[in-house]
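Values in this text are rule-based calculations from the coordinates and carry no lab data. Source: prediction; values computed, not measured. All Cβ positions, glycine included, derive from the backbone under ideal geometry; neighbour counts span all protein chains shown.
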Amino acid sequence: MRDAPFVLDFAALSERDRPLVGGKAASLGALLAAGCPVPPGFALTTAAYRYFLEANGLTGLFRLDHSDGANLDEAAAALSRRVEEAFLAAALPDDLASEFAASYARLGQLVGSEAPIVAVRSSAADEDSQTASFAGQHETYLGIQGFEQLARAARRCWASAYTPRAIAYRIHRGLPLEDAAVGVAVQILVEPRAAGVLFTLSPRTGDRSLVVIEGSWGLGQAVVAGEVTPDEYVVSKVTLEILRKQVNPKPFRYRRGGPDGSLVREELSPEQASAPCLDDAEVVELAQRARALEKHFGYPIDVEWAITEEPSKGTIYFLQCRPETVWSQKERPAVTLVANNPIMAIAQTLVRPAGNPRS
């Protein structure tokens, strides 16, 4: 018997819905509630994921097999292959497929397309939290068009909870493999002029007085995957003054390709490659919005953004938001009283990063 919906619109979501729709989708609902521009879309819930498993007899699949003496890496790779093959061979139950298709059709009506082009993002329930980000562990498919391709992309997103790196991350964090609850975020794909990430602190030093923006031409895939050295803009969080601007060569960009989510890599002229991807007004607006978002959430954040030319030049969208999890997990300074002095002083700071900050 169903105890939860299979599909929920982003506008109906908040952080309270993380167990039902996963971190990415819940954050998109929270962004909308905070007044941020987010491409429209909906979430396929963790209830849909579990229903798919049960209907296809897949609930006992998630066990590491060391019976042949395989080490952890080999066992994780073998499990990942088994999961992907089983998920792609299995069909969506008819009632789930019907609701999924109806939601996709409604999204198309909203934007005036029978087969809208969408981004499909995995959204695990235990990702993008303040203690476990899973950033880069699960998959996103850009440029998906048509329900057949969408249903396949959703199954691939579910399977990506069991890539070798995601398995290793779950084991390292002490998270049971069989408890992975995966939602899927489906949203209209905007074709950006430029895209990238921003941080409401310095990813190098942890300085919380700064907003650091990184960007490049086209879809943000090249930045997120580390394939280009993006432009970097450092902005004062207090005054919104641009303190530093580093424009780097960006020799190519990605744009959407076929309906299966394939991307096209497009080489750029030397002039465009060396030009800044943002103007000063766009940098300041991104920093201003980031500052307001950090105040709204109450902690440092990491945001994926895109800027398009439509409906007007410099239209900003936020595509994803997560808590910053490197500097926020370092130990706080210990505070003590200096002998014979009523003024409190920091006695010692132990710096133990949770991971390597982005450069």
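Please report how many Lys pairs in the range 194-329 have alpha carbons closer than 22 angstrom, counting only residues at least 8 apart along the chain or sitting on separate chains.
The result is 4.
Please name which of T239, Y141, A273 has its Cα lying farthest along the dipole of the chain towards the positive end, using unit charges on Cβ (Lys, Arg +1; Asp, Glu -1) and the Cα centre as origin.
Checking the options against the dipole of the chain, the answer is T239.
Of W217, Y299, A75, whose Cα points farthest to the positive end of the dipole of the chain (charges on the beta-carbon: +1 Lys, Arg; -1 Asp, Glu; origin at the Cα centre)?
Value: Y299.
If amide H atoms are built 1.01 Å from N in the plane of the peptide, which residues on other chains or at least 5 residues away come under 5 Å of the amide H of A194?
G218, I307
Could you list which residues have their amide H under 5 Å from that of K237, counting only those 5 or more apart in sequence or on another chain, with H placed in the peptide plane?
Sorted by chain and number, the residues that satisfy this are L210, V211.
Going by average Cβ neighbours within 10 Å, how do the peptides 237-248, 142-153, 287-298 rank, with the highest at the top?
The peptides rank, most packed first, as 142-153, 287-298, 237-248.
Under a point-charge model restricted to the Cβ atoms of Lys and Arg (+1) and Asp and Glu (-1), what is the dipole moment magnitude of the range 194-329 relative to its Cα centre, in debye to the nearest 20?
For the range 194-329, the charge dipole is close to 320 debye.
How are the C-alpha pair distances of the range 7-188 spread across 5 Å bins, as whole percents from the shortest bin up?
Binned Cα distances yield the sequence 1, 9, 17, 21, 20, 15, 9, 4, 2, 1, 0, 0.
Sort 19-26, 309-316 by the packing proxy (mean of other Cβ within 10 Å over each peptide's residues), most packed first.
19-26, 309-316
Over the residues of the chain, compute the C-alpha Rg and express it relative to 2.2 N^0.38 Å.
With N residues counted in the chain, Rg over 2.2 N^0.38 Å equals 1.05.
Which ³J(HN,Hα) values in Hz, rounded to whole numbers, follow from the phi angles of the range 173-186 under the Karplus curve 6.51 cos²θ - 1.76 cosθ + 1.60, where θ = phi - 60° and Gly and Pro get x?
3J(HN,Hα) across the range 173-186, in whole Hz: 8, x, 9, x, 5, 6, 8, 4, 10, 10, x, 9, 9, 10.
Residue separation times 0.36 nm, minus the C-alpha to C-alpha distance between E309 and D65: what's the value?
Extending this stretch completely gives an extra 82.8 nm.
Counting other beta carbons within 10 Å of each residue's own, what order do R193, R81 fall into, fewest first?
Ranking R193, R81 by Cβ neighbours within 10 Å, fewest first, gives R81, R193.
How are the alpha carbon pair distances in the range 187-270 distributed across 10 Å bins from zero to the largest one, expressed in percent?
Taking every Cα pair in the range 187-270, the percentages come to 17, 42, 28, 12, 1.
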